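Reviewing the structure listed below.
The values are calculated or read from the model by the stated rules, or taken from the named source; none is laboratory data. Since the structure is predicted, the reported quantities are computational estimates derived from the model, not experimental observations. For neighbour counting, all protein chains shown are included, and Cβ atoms are generated from backbone atoms with ideal geometry for every residue, glycine included. Keep in mind that these areas ignore ligands, DNA and RNA; they rest on the heavy atoms of the full protein, side chains included. Shrake-Rupley method; radii C 1.70, N 1.55, O 1.52, S 1.80 Å.
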Amino acid sequence: MVIRVEPLEGPMGAVVHGLDSTSPLSDEDFTIIERAMCDHVAIVAPALEENVPWLRDFGSRFGPLVPHILDQYHHPEGFEVSIIARNTGTSESRGTAKPAGAFWHSDLSYEKNPSDAIFLYSTQIPGTGGDTLAANMYLAYDGLPEKTKGRIETLTATHRWGWNTGGATPKLTKEQQDTHPDVVHRVVRVHPRTGRKILFVNPGYVMRINEVSRDESDELLEELFEHALRPDYQYRHEWGLNMLLGLDNRASIHAAVDDYDEPRRMLRMIVGCTETPGLDA
Ligand code: SIN
């Protein structure tokens, strides 16, 4: 394989050319791709032959793959892959009012150990629509007024599964709920690989800022979300068939666009947290 990384115009993203899902990934090529994820926050690899074991191995090079809370959508070949399907007329197709992920979030931020990265791979795409939006949370942090940076530096936020997901998430079973209590994370996180600061809040799962009154928290979160979702921090990913999208889940938030009626099916691998303890406040 000859891997070539082509940065995209705009706030994030790079295309990785030369990836081949029919042969093992060498250590050398992995290093190039991992570097691209760190540098560009998102990577895109077009036209990869569907190969679930390869996708699983590829994802696990970045860290241990972890199960998603919605275990009913785990792939028959293993919990490391989840199926995100809509309008497919099959039992795996989700029936929520809005598509899965159609709200701004960072996967697993509602867990004590959030996710380092996610990979999405398209096996069915609608004729039009069904894009995925992502926002660069390094840029969101960097662009905050100095006064706000100072104000949020030591604050923490409570994250809860399904908090503000507008009909895009199903009701949890009792067991799923019991194993996912609210968690607390710092509002400003330092990326362990790049050393850069990240605004680590998202509208889908963050309930409140803990150190201030409820009103102040609502006001501050509204301000932070409005700022983070500025179009100039965003990348709009248009899917092609058999495409792989990788997102550094620490340094970005993402949302599926709810604008299609045709079948859409993705496979998702979630890389767990590889940081040493101390992340939580
Ligand atoms: C997700 O939120 O992980 C899924 C995003 C998508 O389907 O575009």
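Run the accessible area of the stretch 4-279 with a 1.4 Å probe and give the carbon-and-sulfur part as a rounded percent.
Whole-percent figure for carbon plus sulfur exposure: 49.
Shape call for the stretch 66-194 from the C-alpha gyration tensor, a ≥ b ≥ c root eigenvalues: rounded (a/c under 1.5), prolate (a/b greater than b/c) or oblate?
prolate
Calculate, for the chain, the solvent-accessible area per residue in square angstrom, rolling a 1.4 angstrom probe over the heavy atoms of the protein chains.
Value for the chain: 44 Å² per residue.
Could you compute the net charge surrounding VAL44? Neighbours are other residues with a C-beta less than 11 Å from the C-beta of VAL44; K and R count +1, D and E count -1.
Spelling it out: positives minus negatives among the neighbours equals -2.
For Cα pairs less than 8 Å apart in space and 6+ apart in sequence, what is the mean separation divided by the residue count of the chain, i.e. the relative contact order in percent? Walk me through the intermediate numbers first.
Numbers: 612 pairs, mean separation 94.3, N = 281.
Reported as a whole number, the value is 34 percent.
Between helix 27-40 and the chain, what is the angle of the helix's C-alpha long axis to the longest principal axis, kept within 0 to 90° and rounded to the nearest 10?
Tilt of helix 27-40: around 40 degrees.
Order 86-92, 12-18 from most to least packed using the mean count of other Cβ atoms within 10 Å. Numbers along the way, then the final one.
Working: 86-92: 13.9, 12-18: 19.1.
Per-residue mean Cβ counts within 10 Å order the peptides as 12-18, 86-92.
Any chance you could count the Lys pairs in the chain whose alpha carbons are under 23 Å apart, treating pairs 8 or more apart or on different chains as valid?
7
Most mobile of ASP215, ASP107, ASP57 per a Gaussian network model of the chain (Cα springs, under 10 Å)?
The residue with the greatest mean-square fluctuation here is ASP215.
Using the Cα gyration tensor of the stretch 43-89, with a ≥ b ≥ c the square roots of its eigenvalues, what is the shape: rounded (a/c below 1.5), prolate (a/b larger than b/c) or oblate (neither)?
Details: a/c = 1.91, a/b = 1.16, b/c = 1.65.
Cα axes put the stretch 43-89 in the oblate bin.
Helix-only mean residue ellipticity at 222 nm, the chain, DSSP H runs n ≥ 4 weighted -39,500 (n - 2.57), per residue, nearest 500. What is it?
Helix-only estimate at 222 nm: -5500 deg cm²/dmol.
Within 9 Å, Cβ to Cβ, of ASN242, how many net charges do the neighbouring residues add up to if Lys/Arg are +1 and Asp/Glu are -1?
-2
Where Lys and Arg each count +1 and Asp and Glu each count -1, what net charge lies around SER122 among other residues with Cβ under 10 Å from its Cβ?
Net of charged neighbours comes to +1.
Taking only Cα atoms, what is the 0 to 90° angle, nearest 10, from helix 214-228's long axis to the longest principal axis of the chain?
40
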